[in-house]
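A.B. asks: Pasting a structure below so you can have a look.
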Amino acid sequence: SFIGEESVAAGEGSILTDNPTWIIDPIDGTTNFVHRFPFVAVSIGFVVNKKIEFGIVYSCVEDKMYTARKGKGAFCNGQKLQVSGQEDITKSLLVTELGSNRDPETIKIILSNMERLLSIPIHG
C-alpha cells in the first residue's frame with residue numbers, strides 16, 4: 001500500500017492497514033518550501049502490521065540523509081546518532097510546530113498545550 005502526505009492533506013482518505021505500506025511526504029515542510037525558507041526534506045517510511053520498520057529523511061538544503069531502522073538505531077550520513085542523556089528539563093530546548101489548521105477548536109487546543117509547555121522552566 002501507499003500513503004502520500006500531499007494527497008491526505010488535499011482531503012483524500014487513507015487507512016493504515018496491516019499490509020506493508022510506504023508512507024511518503026515528498027515535500028516535508030511544504031509551508032517552508034512555499035515561502036522559500038530552506039528547511040525542507042523528503043520523508044519516507046515503511047510500515048508493516050501498523051509498525052514502522054524503517055524511515056529515511058533527506059534534508060535537501062543541508063545534504064543530510066537521516067536513516068533509522070527498527071532495532072538498529074538512527075544515523076545521519078552514516079554516522080550513528082544518540083540522544084544527549086540530559087535529564088534536567090531546565091536545560092532543555094523546546095521546539096514546536098503550530099501547524100496550519102486554523103479551525104478555532106484546533107487553535108484552542110494548540111494554545112492550551114503551548115501554555116502548559118511554556119510553564120515548564122526550560123532553558124529556551
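The values are calculated or read from the model by the stated rules, or taken from the named source; none is laboratory data. What you see is a predicted model; the values in this text were computed from it and never measured. Neighbour counts are summed over all protein chains in view; Cβ atoms, including those assigned to glycine, are modelled from backbone coordinates with ideal geometry. The protein model used for the area step is the full one, side chains on, heavy atoms only, and it has no ligands, DNA or RNA in it. Shrake-Rupley method; radii C 1.70, N 1.55, O 1.52, S 1.80 Å.
A.B. asks: Which FRET efficiency value, to the nearest 0.05, do you get for LEU118 and PHE39 by plugging their Cβ-Cβ distance into 1/(1 + (r/R0)^6) with R0 = 22 Å?
C.D. replies: 0.45
A.B. asks: Related question: Counting heavy atoms of the protein chains only and a 1.4 Å probe, report the per residue accessible area for the chain as a whole number of Å².
C.D. replies: 78 Å²
A.B. asks: A follow-up question, please. What part of the accessible area of segment 25-83, given as a whole %, is carbon or sulfur when the probe is 1.4 angstrom?
C.D. replies: C and S fraction of accessible area: 61 percent.
A.B. asks: If you don't mind, another one. Of SER43, SER14, which has the most accessible area with a 1.4 Å probe, and how do the rest follow in descending order?
C.D. replies: SER14, SER43
A.B. asks: Please list 3J(HN,Hα) in residue order for segment 104-116, calculated via the Karplus relation 6.51 cos²θ - 1.76 cosθ + 1.60 where θ = phi - 60°; whole Hz, with x for glycine and proline.
C.D. replies: Per residue, the Karplus-derived 3J(HN,Hα) values read x, 5, 5, 4, 4, 5, 4, 5, 5, 5, 5, 4, 5 Hz.
A.B. asks: First select every other residue whose beta carbon is under 14 angstrom from the beta carbon of LEU98; then total the charges, Lys and Arg +1, Asp and Glu -1.
C.D. replies: Residues near LEU98 contribute -1 overall.
A.B. asks: Answer rounded, prolate or oblate for segment 13-94, using the Cα gyration tensor with square roots of eigenvalues a ≥ b ≥ c: rounded when a/c is under 1.5, else prolate when a/b is larger than b/c, else oblate.
C.D. replies: oblate
A.B. asks: From the phi angles alone, apply the Karplus equation (6.51, -1.76, 1.60; θ = phi - 60°) to segment 65-72 and give each ³J(HN,Hα) in whole Hz, x where the residue is Gly or Pro.
C.D. replies: 10, 9, 9, 8, 9, 3, x, 10
A.B. asks: Right, next: Using modelled amide H (1.01 Å from N, peptide plane; none on Pro or chain starts), what sits under 5 Å from the amide H of ALA74, excluding residues fewer than 5 places away?
C.D. replies: LEU81
A.B. asks: Could you pull out every residue, at least 5 positions away or on a different chain, whose amide H is within less than 5 Å of the one on PHE54? Hs are placed 1.01 Å off N in the peptide plane, and Pro or chain starts have none.
C.D. replies: Amide H to amide H, under 5 Å and 5 or more residues apart or across chains, PHE54 pairs with PHE46, LYS70.
A.B. asks: Among bridges DSSP assigns within segment 2-119, what percent are antiparallel (round to 5)?
C.D. replies: So the antiparallel bridges in segment 2-119 amount to around 90 percent.
A.B. asks: Still on this structure, I have one more. Magnitude of the Cβ-charge dipole of the chain, K/R +1 and D/E -1, about the Cα centre, nearest 20 debye?
C.D. replies: With Lys and Arg at +1 and Asp and Glu at -1, about 380 debye.
A.B. asks: Can you list the residues, at least 5 places off or on another chain, whose amide H is less than 5 Å from the amide H of VAL40, using H built in the peptide plane?
C.D. replies: Placed amide hydrogens put CYS60, VAL61 under 5 Å from VAL40.
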